[in-house]
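Here the structure is laid out as structure tokens; the discussion comes afterwards.
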Amino acid sequence: MVKLTPLNITLACLLVWAISEMNLDTEMTFSWGWLIALCVILSLIDLGFRMIFKDLKKVWFAQIAFILVVGVLMVVIRVM
């Protein structure tokens, strides 16, 4: 059974967004290759967090912190 984690939710949201963007007449934000690479990377990071933290509550806190740090870094890099 797959346990629900923040990175799984993030991955599902990204996939839904990419699939919904396919029907638009505009060009996709990123290619299928990058989408597959992002899915693999997020899955491996999720697996890594599960191996490091055995308690699901700690996995949730660690993954939420990871998502927040990555989001803040993306905003800082975008502003610069």
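The values are calculated or read from the model by the stated rules, or taken from the named source; none is laboratory data. Computed from a prediction, not measured in an experiment: that's the story for all the values here. Glycine also receives a Cβ, built like all others from the backbone with ideal geometry; neighbour counts cover every protein chain displayed. These area figures cover heavy atoms from the full protein model, side chains too; ligands, DNA and RNA do not enter into them. Shrake-Rupley method; radii C 1.70, N 1.55, O 1.52, S 1.80 Å.
Any chance region 39-59 includes a residue that's in contact (Cβ under 8 Å) with a residue 12 or more places away in the chain, in contact with a Pro (Cβ under 8 Å, 6 or more places away or on another chain), surrounded by 10 or more Cβ atoms within 10 Å (Cβ to Cβ) and part of a helix (DSSP H, G or I)?
No; the residues of region 39-59 include none that is in contact (Cβ under 8 Å) with a residue 12 or more places away in the chain, in contact with a Pro (Cβ under 8 Å, 6 or more places away or on another chain), surrounded by 10 or more Cβ atoms within 10 Å (Cβ to Cβ) and part of a helix (DSSP H, G or I).
Can you name the condition, by its number, that I77 falls short on among (1) loosely packed, with under 10 Cβ neighbours inside 10 Å; (2) at pLDDT below 90?
(2)
What about I36, is it open to solvent by less than 60 Å² (accessible area, probe 1.4 Å) and among the β-branched types (V, I, T)?
no
Starting from region 63-80, keep only residues that are under 19 Å from M51 (Cβ atoms), then list their pairs with residues that are open to solvent by 90 Å² or more (accessible area, probe 1.4 Å) whose Cβ atoms are within a distance under 9 Å, requiring at least 6 positions of separation or different chains.
Partner pairs satisfying both residue conditions: none exist.
Any idea how many residues of region 1-23 are open to solvent by less than 60 Å² (accessible area, probe 1.4 Å) and either acidic (D, E) or in a loop (DSSP other than H, G, I, E, B) (or both)?
Summing the residues that are open to solvent by less than 60 Å² (accessible area, probe 1.4 Å) and either acidic (D, E) or in a loop (DSSP other than H, G, I, E, B) (or both) in region 1-23 gives 2.
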